[in-house]
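Let me begin by presenting the structure, written as C-alpha cells, before commenting on it.
Every number here is computed from the coordinates shown, using simple stated rules; none is lab data. On a predicted model such as this, the values are computed, not experimentally measured, just so you know. Backbone-built Cβ (ideal geometry, glycine too); neighbour counts: all protein chains shown.
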Amino acid sequence: MVTGKNGKRIAAIFMILLGIIWIVPIFWLIINSFKTDSDFITSFANVKGPVDYLSRMIPRKWTVVNYIEMFVGGSGTNTTSNILAMFKNSFIVSISQMVLIVVIDSLAAYAYERLPFKGGNAIFWALMYISMFPNVVNLLPMFRIANALGWVNNLNALIWPGICGVFNIFLIRNFMKGIPKALDEAATIDGANSLQVFTRIILPSIMPVMIVVALFAFNGAWNDFLWPSIVMTDVQNQTLTAGLRLLSGQYEQKWAHMIASCLVSMVPPFVLYMVAQQYFLQGISVQAGVKE
C-alpha cells in the first residue's frame with residue numbers, strides 16, 4: 001500500500017519524467033539553432049547509437065548567424081526580408097482576436113446566463129453541438145465568404161472568423177453560475193441597468209476566467225497555421241507561424257534557419273504565459289465566480 005509520503009514521491013518522479021520528456025525537444029531546438037546549416041545536415045549522418053547521437057548535438061562551431069540572417073537577410077532564405085512583417089501581422093491578429101473574444105464572448109455568456117430570453121438555452125446548446133464538427137469542414141465556406149467580402153490577403157479574414165468561440169462562452173457562462181443572482185437583483189433595485197450590472201458586478205468577479213480565455217485566444221491565434229496558409233497568399237500579409245513553411249530555400253533546405261525561426265516564434269506566447277501565470281493558475285483553480 002502506498003503511503004502519503006511515498007505517493008508524493010512517486011508523483012514528483014512522474015512529474016519530473018514528464019518535464020524531461022517535454023523539455024528535451026526544446027533543448028534540441030535551442031542547441032541546433034546555433035549550428036550552421038551544413039553543420040546541422042552533416043552532424044546526424046551515419047549515427048552509431050544514442051551516445052554518438054548525443055555527442056553530435058553539440059555544434060562544432062557555435063554561431064548566431066541564423067538569428068542575424070533571420071532579420072537582416074541571407075542567402076537562400078526566402079522570408080528573412082519579411083520576418084518583421086510576419087511578426088507584425090501575428091501581433092495584430094493575436095491581440096485583436098484576444099480583445100474581441102474577451103469582449104464579445106463575455107457579453108454573450110452574460111446574455112445566456114443572466115438575461116433569459118425565449119429559446120436562449122436551445123440556441124446555446126445547438127451552437128455547442130454544431131461546434132463539435134471538425135474545423136476543417138468550415139474551411140471552404142469560410143474561404144468563399146472571405147472571398148465574397150474581399151478579405152483574401154487581408155488580415156480581417158484572420159481576425160473576425162474566430163471571435164465567437166462557443167467553448168469560451170460555455171466556460172465563462174459556467175463560471176458565472178457561481179455568482180449569486182442576488183447581487184444582480186440588489187444592483188437592479190439600486191437603479192443599475194443590465195450593462196452596469198455586467199461591468200460593475202459580473203466582470204470583476206469573472207476576471208480569473210477572462211484572463212484564461214484571453215491567454216487561450218492569443219495562443220490560438222498566434223499558433224494558427226492552416227487557415228492563414230489558405231487565405232493568405234501574399235507573403236507580406238502572412239503570419240509568422242504559417243510563414244515558417246516558407247523558410248525553405250529555393251534550392252536547398254535551410255534547416256538551422258528554420259529551427260531558429262521556430263524558437264523565435266515561441267517567445268511571445270511564452271513571455272505572455274510567464275507574465276500571466278499567476279492569473280492563469282487562479283482561473284483554473286477557482287471554482288466559484290466570487291473571490292473569498
Honestly segment 1-68 on the Cα gyration tensor test (a ≥ b ≥ c root eigenvalues; a/c under 1.5 rounded, otherwise a/b vs b/c for prolate or oblate) is just prolate
Electrostatic dipole magnitude of segment 6-107 [Cβ: Lys, Arg +1; Asp, Glu -1; Cα centre; debye, to 20]:
400
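Using a 10 Å cut-off around each Cβ, can you sort V212, V136 from fewest to most neighbouring Cβ atoms?
V136, V212
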Farthest toward the dipole's positive end in the chain, which of F143, I201, L84, given Cβ charges of +1 (Lys, Arg) and -1 (Asp, Glu) about the Cα centre?
I201
Which of T199, T63, T239 has the fewest Cβ neighbours within 10 Å, and the rest in rising order:
T199, T63, T239
Convert each backbone phi in segment 32-41 into a coupling constant with the Karplus relation 6.51 cos²θ - 1.76 cosθ + 1.60 (shift: θ = phi - 60°), then list the ³J(HN,Hα) values in order as whole Hz, x for Gly and Pro.
6, 6, 9, 9, 6, 4, 5, 5, 5, 5
Determine the sum of side-chain charges near W28: Lys and Arg each +1, Asp and Glu each -1, restricted to other residues whose C-beta is under 14 angstrom from that of W28.
+2
Take the Cα atoms of the chain, find their three principal axes, and give me the spread along each one in whole Å, biggest first.
75, 65, 31
May I ask for the net charge around S94, where only other residues with Cβ less than 15 Å from the Cβ of S94 are counted and Lys, Arg are +1 while Asp, Glu are -1?
0
How far is helix 139-148 tilted off the main Cα axis of the chain, in degrees rounded to 10, range 0 to 90?
80
Any idea what the dipole of the chain comes to, in debye rounded to 20, about its Cα centre with Lys/Arg Cβ at +1 and Asp/Glu Cβ at -1?
620
Tally of Lys pairs whose C-alpha atoms are under 30 Å apart, taken over the chain, 8 or more apart or cross-chain:
13
For the chain, the charge dipole (Cβ of Lys, Arg +1; Cβ of Asp, Glu -1; about the Cα centre) points to a positive end, and the Cα of T42, L100, A214 closest to that extreme belongs to T42
